[in-house]
């Protein structure tokens, strides 16, 4: 049967993307390219001001003797400080215990027994979206679980990974549970608004109603794309991963059931204990202002250790009660086995960390962001078209600057005052930024967790590479940015509330 034009395009993206060098070598080539480009651009004087310093933005030459010496002397530090590395390895220690003890196998068996097959996709995407509340938990828990669940249900595991990735990262700003990102973005928005009006106050939940409504949109779009576009395209993709790494749905014995509930009770007691520890106003898990959800709160800083503990605990209890663990040696073997599977990721992370560090130090990403914002400002488009421009400019810049806060720190001092002068509120400007920031996360290899998702895919299809993942995620990315933008414009036209104490107009 002749393939549609869309499928041929996606096949072309995958085929040519996978012709690129191994991702680790690709990051090495990109780093050297950044060195050369920085040397070319460094002598050029740019008129645009860097909002962070107030001085003209300047590209830093990374090929000077001092910069190369700095690169060599800080190479180890850059690698070990690569944020996803510690998150992934620590969390995977706990996940490894839960998986290899048999706990996850039994949990999936019971889950599949009560969840209709056709609802697996929306449930997975919804869980992926909610995982934003726990910072980066979705990348190390939900995305690999998506592959496991789909494989166990007889569906293609790459479709499960794609659906989960779309929810965790593509729908990053769609959530009905407030997260630490809300006050972080609000702080930059309010600071930028004060350039025009020092009396403007922005509520940290100024986009809450919009992000809540966006949850339904992203789940619906992701459900349709996964079941009607992604999974049918994967029918011809052979699953050839190592059988030892595949989830096997073994028969659940009565002893397994007892162990499963013992593990759940132990985990529940641990969660209750954590809640009681966090409840008092003077709890050591709160920040200096008594908040639990701020970036400085010890609870938020402890998310990764908590993932480790709350996945290892049920695995340990299940292992000993079911008889899978005879001694503590068996427990340590499960952790070692989990680390064996991370060897390739560690190699990729080394080169990825060096590239991202070089890109940040060169200031090239900041230059792209500021020049794009200045160009949009110069066009002086009407309000609605400017909002669309912000969404698409943010989506483009996101391909080069992954951090949501870093991008907003760069472009909010331009966008927020500019739109205030057009009568558009900081709340609406921030909502537009969040749509663009989310939609292209899933197609940029510069996302720090992108290499990890490639590793998840290789567990099932050995030939998976950057091209495979980009071709899987491109339909989500394009659909999200187009439909979500139209959704924002319709939301605005209907006058639906954006969030707490939020407005569409200024003043």
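Inter-label distance, residue 291 to residue 379: 3.4 nm, where each label sits 7 Å from its Cα along the C-beta direction. For region 329-382, treating each Cα as an identical point scatterer without solvent, what Debye log10 I(q)/I(0) comes out at q = 0.14, 0.30 1/Å? Log10 I(q)/I(0), no solvent term: -0.62, -1.03. Relative intensity of region 309-404 on a log10 scale, I(q)/I(0) at q = 0.12, 0.16 Å⁻¹, equals -0.66, -0.79, per a Debye sum over C-alpha point scatterers of equal strength in the absence of solvent.
Take the Cα of residue 66, step 7 Å toward its Cβ, do the same at residue 399, and the gap between the two points is 3.4 nm. Legend: calculated FRET efficiency, residue 47 to residue 9, from the Cβ-Cβ distance at R0 = 41 Å, rounded to 0.05, equals 0.60.
Taking the 0 to 90 degree range and rounding to the nearest ten, how far is the long axis of helix 120-130 tilted relative to the main principal axis of the chain, both from C-alpha atoms? That works out to roughly 60 degrees. When the alpha carbon coordinates of region 98-230 are projected onto the principal axes, the ranges are 58, 34, 22 Å, largest first. In terms of its Cα atoms, region 6-81 spans 47, 33, 23 Å along the principal axes, sorted from long to short. Rg ratio for region 206-339: its Cα radius of gyration over 2.2 N^0.38 Å, N being its residue count, equals 1.48. Our helix-only sum for the chain, with -39,500 (n - 2.57) per DSSP H run of n ≥ 4 divided by its residues, gives a mean residue ellipticity at 222 nm of -20500 deg cm²/dmol. Angle between the Cα long axis of helix 303-322 and the longest principal axis of the chain, 0 to 90 degrees, nearest 10? Once rounded, the angle reads 10 degrees.
Taking the C-alpha atoms only, the angle from helix 23-41 to the longest principal axis of the chain is near 10 degrees.
Is the shape of region 262-349 rounded, prolate or oblate, going by the alpha carbon gyration tensor and its root eigenvalues a ≥ b ≥ c, with a/c under 1.5 for rounded and a/b larger than b/c for prolate? Note, shape of region 262-349 comes out oblate. Rg and Dmax over the alpha-carbon atoms of region 421-504 stand at 17.2, 54 Å. Distance between the 7 Å Cα→Cβ label points at residue 496 and residue 18: 4.0 nm.
In region 40-165, one over the average inverse separation of all distinct C-alpha pairs is 18.4 Å, which is the Kirkwood hydrodynamic radius.
Between the beta carbons of residue 32 and residue 254, assuming R0 = 56 Å, the FRET efficiency works out to 0.40 to the nearest 0.05. Extension gain for residue 77-residue 463 works out to 135.8 nm (0.36 nm per residue, less the C-alpha to C-alpha distance).
Orientation-averaged projection of region 1-50 equals 6.5 nm² [convex hull of Cα atoms, one quarter of hull surface area].
Quick note: the coordinates plus some simple rules give every number you see, no bench work behind them. Note that the coordinates shown come from a computational prediction; the quantities given were computed from them, not determined experimentally. Virtual Cβ from ideal backbone geometry, glycine too; neighbours counted across all protein chains shown.
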